[in-house]
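A short write-up of the structure that comes next.
The values are calculated or read from the model by the stated rules, or taken from the named source; none is laboratory data. Not measured: the values here are computed from a predicted model. Ideal geometry is used to build each Cβ from the backbone, glycine not excepted, and the neighbour counts take in all protein chains shown.
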């Protein structure tokens, strides 16, 4: 009898190993995004990115992209809303870093869009180059406009994603995580609004003097040209 139960137990363990529970896939992804954190630690200087450094040692960056790609649709759908939201925010930022590094250094021709060291010099960067993430093939535009904006309806997300330009909200020096999402979004918004040339949601998130002025209803708004210069450490 003991031998029979032993054989049954071994058979059950073999079946479990061959067919792990569906929930196991949901636990495989590192929601703290430690690999992406190491990318930021090794490349971010203030609000700029050392793309040259990333290009010369891209092991961690490539690994972060691979981790995003390994998430199945089934696993993703099992996550909470907050975990799904931070996944796409971090994915947008990781994939933007990757597409820059894939084409670095960026030097457009004299007939190309200005500035020549810009993400806009990469053909199809937002609407044609696809990535595997969340169990599907997506472009950067699809992440921003088809997933983040309509699905989550979180206005502060615009201050969390970075398009590799000086006029973008600064790239945060740490991954977004579900446990601190509200605090991180608010902080990223304040950091963006503290930069010269930014005036959005100032009454709630701007520096004290600007917030007080915004509340008076008499502030005059002036629009500035968007600076698409690459947010590179060596940039001008």
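Is it the case that some residue within the range 155-168 is outside any helix (DSSP H, G or I), within 12 Å of the chain's Cα centre (by Cα) and more than 21 Å from residue 34 (Cβ to Cβ)? Among the residues of the range 155-168, at least one is outside any helix (DSSP H, G or I), within 12 Å of the chain's Cα centre (by Cα) and more than 21 Å from residue 34 (Cβ to Cβ), which makes the answer yes. Inspection of the range 147-161 identifies at least one residue that is in contact with a strand residue (DSSP E or B) (Cβ under 8 Å, 6 or more places away or on another chain), farther than 19 Å from residue 64 by Cα and at pLDDT 95 or above. As for the range 25-48, it holds at least one residue that is within 19 Å of residue 140 (Cβ to Cβ), under 14 Å from the mean Cα position of the chain (by Cα), modelled with pLDDT of 95 or more and outside any helix (DSSP H, G or I). Residue 192 - would you say it is assigned to a helix (DSSP H, G or I), in contact with a helix residue (DSSP H, G or I) (Cβ under 7 Å, 6 or more places away or on another chain), over 15 Å from residue 95 (Cα atoms) and free of Cβ contacts under 8 Å to residues at least 24 places away in the same chain? No, not satisfied.
Here's the yes/no breakdown for (1) at pLDDT 95 or above; (2) part of a loop (DSSP other than H, G, I, E, B); (3) under 14 Å from the mean Cα position of the chain (by Cα):
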{"site": "52", "(1), (2), (3)": "yes, no, no"}
{"site": "64", "(1), (2), (3)": "yes, no, yes"}
{"site": "67", "(1), (2), (3)": "yes, no, yes"}
{"site": "83", "(1), (2), (3)": "yes, no, yes"}
{"site": "88", "(1), (2), (3)": "yes, no, yes"}
{"site": "93", "(1), (2), (3)": "yes, no, yes"}
{"site": "99", "(1), (2), (3)": "yes, no, yes"}
{"site": "107", "(1), (2), (3)": "no, yes, no"}
{"site": "110", "(1), (2), (3)": "no, yes, no"}
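Inside the range 119-139, can you point out the residues that are in contact (Cβ under 8 Å) with a residue 24 or more places away in the chain, out of contact with any strand residue (DSSP E or B) (no Cβ under 8 Å at 6 or more places or on another chain) and assigned to a helix (DSSP H, G or I)? The one that is in contact (Cβ under 8 Å) with a residue 24 or more places away in the chain, out of contact with any strand residue (DSSP E or B) (no Cβ under 8 Å at 6 or more places or on another chain) and assigned to a helix (DSSP H, G or I): 120. Condition first: buried (at least 20 other Cβ atoms within 10 Å of the Cβ), under 27 Å from residue 194 (Cβ atoms) and touching a strand residue (DSSP E or B) at 6+ places or on another chain (Cβ under 9 Å). Can you find one or more residues in the range 51-60 that meet it? Yes, there is a match, as at least one residue in the range 51-60 is buried (at least 20 other Cβ atoms within 10 Å of the Cβ), under 27 Å from residue 194 (Cβ atoms) and touching a strand residue (DSSP E or B) at 6+ places or on another chain (Cβ under 9 Å).
For the range 75-106, a residue qualifies if it is touching a helix residue (DSSP H, G or I) at 6+ places or on another chain (Cβ under 6 Å) and over 22 Å from residue 40 (Cβ atoms), and the qualifying residues are 75, 78.
Being buried (at least 17 other Cβ atoms within 10 Å of the Cβ) and at positive phi is the requirement here; does residue 134 meet it?
yes
In this entry, residue 123 is excluded by the filter for residues that are over 18 Å from residue 35 (Cβ atoms), surrounded by fewer than 17 Cβ atoms within 10 Å (Cβ to Cβ) and touching a helix residue (DSSP H, G or I) at 6+ places or on another chain (Cβ under 6 Å).
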